[in-house]
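Peer 1: What follows is a single structure, and I will ask about it in a moment.
The values are calculated or read from the model by the stated rules, or taken from the named source; none is laboratory data. None of the values given here were measured: they were computed from a predicted structure. Note that each Cβ is placed from the backbone with ideal geometry, even for glycine, and that neighbours are counted across all protein chains shown. Protein only, heavy atoms only, side chains kept; ligands, DNA and RNA dropped before computing areas. Shrake-Rupley method; radii C 1.70, N 1.55, O 1.52, S 1.80 Å.
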2 protein chains.
Amino acid sequence: MNVDILLNNGLILEFNKKPEIKSITIKDGSILEVGKNLEKKYKATHIIDATDKIVMPGFVNTHSHVAMSYFKGLSDDLPLQEWLSEHIWPVEAKFLSAEFVKDAALHGCAEMIKNGITTFSDMYFFGDQTAESAEKAGIRAVLGEGVLDFPVANYQNADEIFAYIRKMHNKYEKNELIDFAVAPHAIYTCGKENLIKAKDLALELGILLHIHLSETKQEVQDCLKKNRLRPVEYLDSIGFFEGNVVVAHALWLDENEQNILAKNNSSIAINTSSNLKLASGFSSFKNYLDHGFNLSIGTDGVASNNNLSILQEISLLAKLQKALNDDPTILPAKEMIQIATIGGAKALKKSEQIGSIEVGKKADLILIDIDNIEAQPMYDPYSHLVYSSASEQIKDVIINGKIVMKDRELINIDAKELIEKAKYYQKILKLF
Amino acid sequence: MNVDILLNNGLILEFNKKPEIKSITIKDGSILEVGKNLEKKYKATHIIDATDKIVMPGFVNTHSHVAMSYFKGLSDDLPLQEWLSEHIWPVEAKFLSAEFVKDAALHGCAEMIKNGITTFSDMYFFGDQTAESAEKAGIRAVLGEGVLDFPVANYQNADEIFAYIRKMHNKYEKNELIDFAVAPHAIYTCGKENLIKAKDLALELGILLHIHLSETKQEVQDCLKKNRLRPVEYLDSIGFFEGNVVVAHALWLDENEQNILAKNNSSIAINTSSNLKLASGFSSFKNYLDHGFNLSIGTDGVASNNNLSILQEISLLAKLQKALNDDPTILPAKEMIQIATIGGAKALKKSEQIGSIEVGKKADLILIDIDNIEAQPMYDPYSHLVYSSASEQIKDVIINGKIVMKDRELINIDAKELIEKAKYYQKILKLF
């Protein structure tokens with residue numbers, strides 16, 4: 001039988017089995033078989049030797065602002081309000097355009113692929129252009145179009161944005177890589193009326209809701225003051241959780257808020273680097289884990305992270321939670337890898353299609369080189385991935401059954417051109 | 001004039017000047033000149049094109065156990081006592097030998113160089129073998145021979161260890177790369193008598209003291225119970241700080257302990273990854289900074305980290321401290337880079353020789369590639385180094401005026417052989 005790709009003799013991470021050296025065949029975008037001696041059974045167009053490589057599902061990044069690529073390191077080590085109002089917002093007001101977003105998003109997609117991310121869930125503006133760049137890069141994306149009460153770069157009001165989302169949803173409905181989502185920015189930028197309209201639209205189109213929530217203590221205090229309810233309680237009171245919601249940040253949830261999210265099958269996108277760097281803080285997720293609800297990993301935008309390494313995020317989160325809970329056994333390595341893959345897929349309601357290596361699922365796979373000094377010795381691949389490895393070791397990336405990175409070379413993107421463009425934008429932004 | 005190396009047109013980080021594109025010449029192991037158009041003035045044996053590269057002093061790792069390389073990922077996600085007594089100690093008791101240490105240390109030295117570390121301060125056993133491997137790799141090392149009250153792999157008692165240190169000090173006295181140090185393991189493994197002997201020996205030979213201190217709350221409680229003094233107070237009461245001391249961990253220092261360390265010009269080696277991963281905890285270093293004493297960065301051993309990336313440590317520490325202190329301006333990027341370089345040099349009493357780019361100082365330099373997607377755009381090299389970059393971008397490493405890594409290829413070490421050896425040891429250790 002002919003297949004598109006044969007991944008030969010890799011250390012395969014199937015979550016329900018022990019890691020083992022096996023092969024994988026891929027046909028029409030999906031995983032056809034996982035087993036031994038597959039080279040005898042299939043004739044493959046592409047054969048990838050996976051010897052001395054870990055083969056695992058690609059990372060799912062559930063909270064990003066991919067088109068903020070050109071703001072990476074633009075300003076750091078500043079208080080949140082100064083950072084936003086004196087640096088990020090003015091530069092966005094001045095430069096955001098369809099072309100800027102298209103270029104910056106392509107840069108971000110390239111960086112994500114180099115970090116082993118095969119699916120990302122974004123929140124930004126000009127989703128059509130981000131979709132174009134994601135498609136070009138060959139990466140799977142859920143594009144949350146930002147909804148705010150005030151005018152944004154591309155629209156005068158929320159109703160225009162809702163109309164745009166509807167149009168984009170129709171445009172990309174048959175696209176295998178792209179979904180749209182409704183992304184009310186936050187409860188402090190989006191009033192009750194628009195939050196409800198956002199939820200209604202998401203329900204009507206059967207798409208996700210993606211919102212920043214409970215990121216800072218200030219936000220919680222302001223919400224209590226204004227609504228006499230905590231953020232999750234407030235959203236619950238207006239029926240927001242009737243939709244499929246991914247809540248980004250969610251640092252300051254009390255018991256009742258956790259119960260509400262758990263009851264509604266909502267997911268959390270944890271953004272540890274960004275929360276620490278902006279001094280938003282950190283909290284123990286032990287209670288969240290005990291509530292059994294679904295955690296996933298977000299990178300946030302590079303303006304506040306400042307990179308897109310899921311490996312860095314999971315290493316950071318696992319270690320921080322051990323110290324916070326005075327318990328080195330919490331969030332063991334395998335659980336962290338699952339949170340960063342199938343956890344993300346569940347958050348995006350895509351766990352039937354992606355997030356693990358299973359026959360019939362989409363072939364979103366990454367290959368991690370372990371034949372190097374940094375990776376050896378290796379007693380347990382999960383431990384190695386979470387505590388020892390860096391994105392440098394991610395050599396090959398396959399998304400939807402297509403090879404998008406081979407031996408760290410991007411297939412669909414001209415890296416040189418991308419770097420030149422970034423340098424060009426840097427000069428302009430710096431002058432500003 | 002002839003020189004050994006000309007580094008041409010790099011973005012040079014001199015801490016007392018703005019980053020600027022300049023060149024550096026190196027002769028007889030030292031920095032001869034930093035300036036422009038040096039290619040017209042000098043004839044160089046080696047010319048390194050540093051275009052699109054940051055040139056900075058190499059990282060100084062002030063607390064490591066380099067020969068624990070083969071224990072990387074051997075056991076994780078376990079409580080400290082179980083990890084030590086059921087995994088690390090038994091395997092050390094069974095396998096530690098001169099040959100094992102030599103092999104494992106070479107692996108660790110290679111990994112350090114790949115992470116841009118040009119000097120490390122170690123604490124372990126069989127220092128002679130570690131010295132041999134460090135010399136082979138071409139890395140600068142301060143080798144603290146572990147002192148404990150009970151027998152260790154190579155010696156029956158502390159007096160034998162002191163004699164060994166004296167012998168090693170003499171053997172390596174003229175060696176440009178190697179220093180020895182006295183490393184009493186901790187106050188709970190080393191009694192008063194041996195602590196005093198250690199200090200006296202260090203003073204006599206003019207070498208460093210290196211000790212684990214105040215790593216866990218338990219250690220502080222036990223010390224209070226036994227000595228009615230906190231750990232630093234106890235060491236002060238026996239005159240320990242008459243020596244030049246590097247204190248590893250130092251998480252739980254109260255005001256008086258901080259005053260004692262500051263008064264004695266002692267330095268702290270911060271080991272954030274290890275402290276988090278073992279759930280030893282974390283503490284705010286704001287007070288430490290306010291006391292003005294010298295901070296430096298340690299990786300600890302790979303058994304508890306589990307890698308040797310100083311870039312990871314500084315990113316982690318800077319972000320964690322911002323969140324802990326509710327202050328995103330604390331430990332800004334440039335300060336972090338200084339802590340990881342000249343801070344380390346000061347800790348090891350080597351700041352006259354290494355830790356910054358200055359004419360006359362030893363040429364311990366690393367070159368970091370910024371001509372890649374992950375690094376662009378780059379507004380500020382310090383921010384880029386701390387928040388965005390990974391060791392992958394460290395391309396070339398020069399130590400003592402010698403190129404030890406070129407375009408990520410180790411010059412003095414056969415990487416293939418090293419990997420094979422690690423795989424061999426892994427099989428043996430795993431069986432055990």
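Peer 1: For B:ASP159, which inter-copy label distances result when the label point lies 7 Å beyond Cα on the Cα-to-Cβ vector, reported in nm to one decimal and in ascending order?
Peer 2: With the label placed 7 Å along Cα→Cβ, B:ASP159 yields 9.4 nm.
Peer 1: How much accessible area is lost when chains B and A come together, counting both sides, with a 1.4 Å probe, in Å² rounded to the nearest 100?
Peer 2: 5300
Peer 1: Radius of gyration and Dmax for the stretch A:200-329's Cα atoms, expressed in Å?
Peer 2: Both quantities, over Cα of the stretch A:200-329: 14.8, 45 Å.
Peer 1: Could I ask something else about it? So the label point sits 7 Å from Cα along the Cα-to-Cβ vector; using that for B:SER284, what distances do you get to the other copies, in nanometres, sorted shortest first?
Peer 2: 2.0
Peer 1: Something else now. GNM, chain A, Cα, under 10 Å: largest mean-square fluctuation among A:LEU365, A:LEU253, A:LEU308?
Peer 2: A:LEU253
Peer 1: Right, next: Which whole-number value in Å² is the accessible area per residue of the protein assembly as shown, probe 1.4 Å?
Peer 2: 35
Peer 1: Placing a label point 7 Å from Cα toward Cβ, how far apart in nm is A:GLN218 from its equivalents in the other copies, listed shortest first to one decimal?
Peer 2: For A:GLN218, the other copies' label points sit at 4.1 nm, shortest first.
Peer 1: To the nearest 0.05, what FRET efficiency results for B:LYS94 and B:LYS136 with a Förster distance of 41 Å applied to their C-beta separation?
Peer 2: According to the calculation, E is roughly 0.95.
Peer 1: Return an integer: the convex hull volume of the alpha-carbon atoms of the stretch B:336-432, in Å³ per residue.
Peer 2: Convex hull of Cα atoms, per residue: 161 Å³.
Peer 1: Using 5 Å bins from zero, what percent of all Cα-Cα pairs in the stretch A:59-124 falls into each bin?
Peer 2: Result returned by the calculation: 4, 16, 25, 23, 18, 12, 3.
Peer 1: At a probe size of 1.4 Å, how large is the accessible area of B:VAL55, to the nearest 10 Å²?
Peer 2: 0
Peer 1: From largest accessible area down, sort A:THR25, B:THR51; use a 1.4 Å probe on the protein chains.
Peer 2: In descending accessible area the options line up as B:THR51, A:THR25.
Peer 1: Under the rule a/c < 1.5 gives rounded, and otherwise a/b versus b/c splits prolate from oblate, where does chain A land using the Cα gyration tensor?
Peer 2: prolate
Peer 1: Using 10 Å bins from zero, what percent of all Cα-Cα pairs in the protein assembly as shown falls into each bin?
Peer 2: 2, 13, 23, 25, 20, 12, 5, 1, 0
Peer 1: Quick one: Karplus J couplings for the stretch A:166-179, per residue in order, coefficients 6.51, -1.76, 1.60, θ = phi - 60°, nearest Hz, x for Gly and Pro?
Peer 2: 4, 5, 5, 4, 5, 4, 9, 4, 8, 6, 6, 9, 10, 10
Peer 1: For A:ARG228, A:ARG166, write out the residues from largest to smallest accessible area, computed with a 1.4 angstrom probe and no ligands counted.
Peer 2: Largest accessible area first, the list is A:ARG228, A:ARG166.
Peer 1: Based on the alpha carbon coordinates of the stretch B:96-229, what radius of gyration and maximum Cα-Cα distance (Dmax) apply, in Å?
Peer 2: Spelled out, the Cα radius of gyration and Dmax of the stretch B:96-229 are 15.4, 47 Å.
Peer 1: Just to make sure I understand: if all protein chains stay in place, what is the order of A:LYS362, A:LYS319 by accessible area at 1.4 Å, largest first?
Peer 2: Correct descending sequence by accessible area is A:LYS362, A:LYS319.
Peer 1: Continuing with the same structure: Which residue of chain A is nearest the rotation axis onto chain B, counting by its Cβ, and what is the distance in whole Å?
Peer 2: Closest Cβ to the A-to-B rotation axis, residue and whole-Å distance: A:GLU392, 2.
Peer 1: Rg over Rh of the stretch A:143-202, using C-alpha atoms and the Kirkwood radius, what does it come to?
Peer 2: Dividing the radius of gyration by the Kirkwood radius yields 0.98.
Peer 1: Something else now. Determine how large the accessible area of A:LEU213 is when every protein chain is in place; take a 1.4 Å probe and give Å² rounded to the nearest 10.
Peer 2: Accessible area of A:LEU213: about 0 Å².
Peer 1: Which whole-Hz couplings ³J(HN,Hα) result when phi for each residue of the stretch A:364-370 is put into the Karplus expression 6.51 cos²θ - 1.76 cosθ + 1.60, θ = phi - 60°, listed in order with x for Gly and Pro?
Peer 2: Result, rounded to whole Hz: 10, 10, 10, 10, 10, 5, 10.
Peer 1: Within the set of other residues whose C-beta is less than 9 Å from the C-beta of A:MET168, count the net charge using Lys and Arg as +1 and Asp and Glu as -1.
Peer 2: Here the charged neighbours net out to +1.
Peer 1: Next question, about the same structure. Would you mind listing how long the stretch B:362-409 runs along its three principal axes, going by Cα atoms, in whole Å with the largest first?
Peer 2: Result, largest extent first: 31, 21, 13 Å.
Peer 1: Pull up all non-local amide H partners of A:HIS63: gap of 5 or more, or a different chain, and H-to-H distance under 5 Å with H placed in the peptide plane.
Peer 2: A:SER121, A:GLY298, A:THR299, A:ASP300
Peer 1: Now for a separate question. Helix-only mean residue ellipticity at 222 nm, chain B, DSSP H runs n ≥ 4 weighted -39,500 (n - 2.57), per residue, nearest 500. What is it?
Peer 2: That comes out to -10000 deg cm²/dmol.
Peer 1: Shifting gears a bit: For the stretch A:59-347, give the magnitude of the charge dipole about the Cα centre (Cβ charges: +1 Lys/Arg, -1 Asp/Glu; no others), in debye to the nearest 20.
Peer 2: For the stretch A:59-347, the charge dipole is close to 360 debye.
Peer 1: Let me ask you something else. Take chain A, connect every pair of alpha-carbon atoms lying under 10 Å apart with a spring to form a Gaussian network, then pick out the residue of A:ALA340, A:ALA141, A:ALA279 with the largest mean-square fluctuation.
Peer 2: In this elastic network of chain A, the residue with the biggest mean-square fluctuation among A:ALA340, A:ALA141, A:ALA279 is A:ALA279.
Peer 1: Roughly how many nanometres apart are two label points built 7 Å out from the Cα toward the Cβ at B:GLU82 and B:GLU20?
Peer 2: 5.8
Peer 1: Under the rule a/c < 1.5 gives rounded, and otherwise a/b versus b/c splits prolate from oblate, where does the stretch A:174-231 land using the Cα gyration tensor?
Peer 2: In terms of gyration-tensor shape, prolate.
Peer 1: How much accessible surface does A:LEU203 have with a 1.4 Å probe, in Å² rounded to 10?
Peer 2: Approximately 80 Å² of A:LEU203 is accessible to the 1.4 Å probe.
Peer 1: With θ set to phi - 60° and the Karplus curve 6.51 cos²θ - 1.76 cosθ + 1.60, what are the ³J(HN,Hα) couplings of the stretch B:46-61 in order, to the nearest whole Hz, using x for Gly and Pro?
Peer 2: For the stretch B:46-61, the Karplus curve yields 10, 10, 10, 6, 9, 4, 6, 10, 7, 10, 9, x, x, 6, 10, 9 Hz.
Peer 1: Still on this structure: Taking the DSSP beta bridges in the protein assembly as shown as the whole, what percent of them are antiparallel, to the nearest 5?
Peer 2: Restricted to the protein assembly as shown, the bridges split so that about 40 percent are antiparallel.
Peer 1: Counting only protein heavy atoms and a 1.4 Å probe, tell me what percentage of the protein assembly as shown's accessible area is made up of carbon and sulfur.
Peer 2: Solvent-exposed carbon and sulfur of the protein assembly as shown make up 48 percent of the total.
Peer 1: I've got another one for you. I'd like the orientation of helix B:98-114 relative to chain B: the angle between its Cα long axis and the longest Cα principal axis, in ° from 0 to 90, rounded to 10.
Peer 2: For helix B:98-114, the angle is close to 40 degrees.
Peer 1: Separate question: Measure off 7 Å from each Cα along the Cα-to-Cβ vector at A:ASP200 and B:LYS192, then give the distance between these two points in nanometres to one decimal.
Peer 2: So the label points at A:ASP200 and B:LYS192 sit 8.0 nm apart.
Peer 1: Sticking with this one: Percent antiparallel among DSSP beta bridges with both residues in chain A, to the nearest 5?
Peer 2: Percent antiparallel among DSSP bridges in chain A is about 40.
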